[in-house]
Amino acid sequence: MGLCFPCPGESAPPSPDLEEKRAKLAEAAERRQKEAASRGILDIRSVEEKRKKKEKIEKQIATSGPPPEGGLRWTVS
């Protein structure tokens, strides 16, 4: 069991272009990120809709400002 060198008449296999290698690595990273984000979720679309709805409500609350004086009152019975 020694080192394996190419035969003298053969050339080494071509290595992939750096840009091509970067593109493949980026695609793989995006694919892993999507898979990790959806792990354990059966209906991805409904989760995304709920998240967008929550963000919309938070944005409305942030833009509306503080409630006017005398808004909600708590009573203890």
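The values are calculated or read from the model by the stated rules, or taken from the named source; none is laboratory data. Computed from a predicted structure; not experimentally measured. Note: areas computed on protein heavy atoms with side chains; ligands, DNA, RNA excluded. Shrake-Rupley method; radii C 1.70, N 1.55, O 1.52, S 1.80 Å.
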Item to check | Criterion violated by Arg73 - all others in (1) basic (Lys, Arg); (2) at pLDDT below 75; (3) assigned to a helix (DSSP H, G or I) satisfied | outcome: (3)
Checklist outcome for this item: Flagged in the stretch 41-58 as modelled with pLDDT under 90 and open to solvent by 80 Å² or more (accessible area, probe 1.4 Å), in numbering order, are Leu42, Asp43, Arg45, Glu48
